[in-house]
Amino acid sequence: MEQQVTDNTVTRKPKWLRKLERESWQPELIISGAAIFGSLQLPDLITQMEHYFLLNYDRDTLFICYIASMYWRILTNGLIVTFIFHFIVRALWIGLAGLNSVFPGGFRTNQRFSAHFQKNMREEYGDVDGLIARLDRLGSGIFGVAFAVSGVFLNFGLIGLLLIVLHSWLVGQGVPADRVLLIIGLCLAPLLLLSLISMVGHAERFRDTAIVRRFQWPVTKVISRATYPLGRHFIVTSTNLVTSFYADRKTFTWYYLVGFVGLMVIALSSVLLNDNTRLFIDRVYHRNGADSLLLSTSYSADESYEGIYYRPVLDHTQGLSEAGMMVWIPLPEREMAYLLGDCSIPEVDDELPREERQQLRWQRIVDCGKEYIKIALNGRPQLDFKLERQYRENAAGSQYGMRAFLPDPPLAAGKNLLEVTTAYPHEKTGAPRTAYLPFYHY
């Protein structure tokens, strides 16, 4: 019976476990296929999560949401690539094993090709069994590492979501955003400090000192329990099983560098190829909609538009004429926080009956909107517009905003330009946000 040798003990590996290891490719292929299918569904789920963040969180919390969104996209794209790669490796392994069973014994000597060519061919490619074994090990290794790394990312992602909820709740309780970040930093600082101390303890200069031998392992257990609330035993076992085999190789550092570069490529592609991710950045949100020469073709068919509205939308339900026109203005939570926070109208008395209090609060939102929103049509300020609260429903979710009715609008034949300015300050300049809506009227 095969023996498994460790540093201190020799244990006998059960027969069933050796058989399972030899035939692990069968469940691997099934699970890998299911993992590919499942991971391909994740981008849409992340998009829905991003929509929720963008519509329901304030500007300060959106920064953490931005990091979390990129993080989840890196995990998703990495899983998709990894499991597809694993499936390809296993397919190659099965194909080569099948060929080896049909044509056993490797390359045969023949009279068709020259002797020196066949000799070089056997020397270079003749070890078919060895190649099959290497593909088998590679497939199993990729499979195990993929689940281990995904477990690490999953735990970190869940911790990030908890920080988002905590940040949003504290800001909602009136705690200044910079103080909230300080509180979160103070909560994470001990864990980061312990991690640094544990890493330094592995240095040859300190590893055998009495204090390291006494405290390093307990500190490591505390770190793992805090960072891996889900699947800790599997994650720690699998990741350390891999690193223990490659730690002494000169290429160990290069593996980490290649992995880091790969993550950066995925992160950059997540930002550059995804409109939602860019909208988390406040200056981008200010810039979107500020092009007075860009027609909003994506809004032309309102029923088919599935994204987040960041520009005004013409309301065609009541028509468009010199007698009046309607425009819907999106107001996500990042703007509503300023609309209500900077409003000069007193808040509603909490002692009033519930129904009356709610009606007065809705009226206050509309009255605050009159202070917050400025509208101009073809360069002429519109001062007598009326506002109503309105949600627009589409695939991105329930988007809150206000519908403005402009009586006697100065419409021109041909192209017109609607300008909507909200008192949402730019994070650097403090300038209000301006969004343009070019449209045609005949």
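The values are calculated or read from the model by the stated rules, or taken from the named source; none is laboratory data. Treat the numbers as computed from the prediction; the structure is a model and nothing was measured. Please note: Cβ atoms are built from the backbone with ideal geometry, for glycine as well, and neighbour counts cover all protein chains shown. Ligands, DNA and RNA are excluded from the accessible area calculation, which covers all protein heavy atoms including side chains. Shrake-Rupley method; radii C 1.70, N 1.55, O 1.52, S 1.80 Å.
Values as computed for the structure displayed
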| item | result |
| --- | --- |
| Filter result for VAL348 (closer than 30 Å to ALA177 by Cα and among the β-branched types (Val, Ile, Thr)) | yes |
| PRO346 being open to solvent by 20 Å² or more (accessible area, probe 1.4 Å) and either part of a strand (DSSP E or B) or within 25 Å of GLU50 (Cα to Cα) (or both) | no |
| Filtered residues of the range 119-132 (kept if open to solvent by less than 40 Å² (accessible area, probe 1.4 Å) and in a helix (DSSP H, G or I)) | VAL128, GLY130, ILE132 |
| Cβ pairs under 7 Å, 6+ apart, first in the range 34-51 and assigned by the TED database to the domain that holds PHE147 and at pLDDT below 85, second of a type in the set (Phe, Trp, Tyr) and open to solvent by 40 Å² or more (accessible area, probe 1.4 Å) | ILE36/PHE87 |
| Test: residue in the range 406-415 that is among the hydrophobic types (A, V, I, L, M, F, W, C), more than 21 Å from SER304 (Cβ to Cβ) and loosely packed, with under 15 Cβ neighbours inside 10 Å | yes |
| Residue satisfying all of: in the range 282-322; in contact with a strand residue (DSSP E or B) (Cβ under 7 Å, 6 or more places away or on another chain) and part of a helix (DSSP H, G or I); modelled with the highest pLDDT among these | HIS286 |
| Residue in the range 71-95 that is nearest to ASP275 (Cα to Cα), counting only those that are of a type in the set (A, V, I, L, M) and either open to solvent by less than 40 Å² (accessible area, probe 1.4 Å) or outside any helix (DSSP H, G or I) (or both) | ILE74 |
| In the range 402-427, the residues that are at positive phi and either touching a residue at least 40 places away in the same chain (Cβ under 8 Å) or among the polar types (S, T, N, Q) (or both) | ASP408 |
| Qualifying residue in the range 144-154 (condition: open to solvent by 50 Å² or more (accessible area, probe 1.4 Å) and under 30 Å from ARG59 (Cβ atoms)) | yes |
| Spans of strands (runs of 3 or more DSSP E) in the range 378-419 with at least 2 residues touching a strand residue (DSSP E or B) at 6+ places or on another chain (Cβ under 6 Å) | 386-394, 397-407 |
| Residues of the range 201-212 satisfying the condition of being in a helix (DSSP H, G or I) and modelled with pLDDT of 85 or more | ALA210, ILE211 |
| Selection status of GLN358, open to solvent by less than 30 Å² (accessible area, probe 1.4 Å) and either within 27 Å of LEU54 (Cα to Cα) or aliphatic (A, V, I, L, M) (or both) | no |
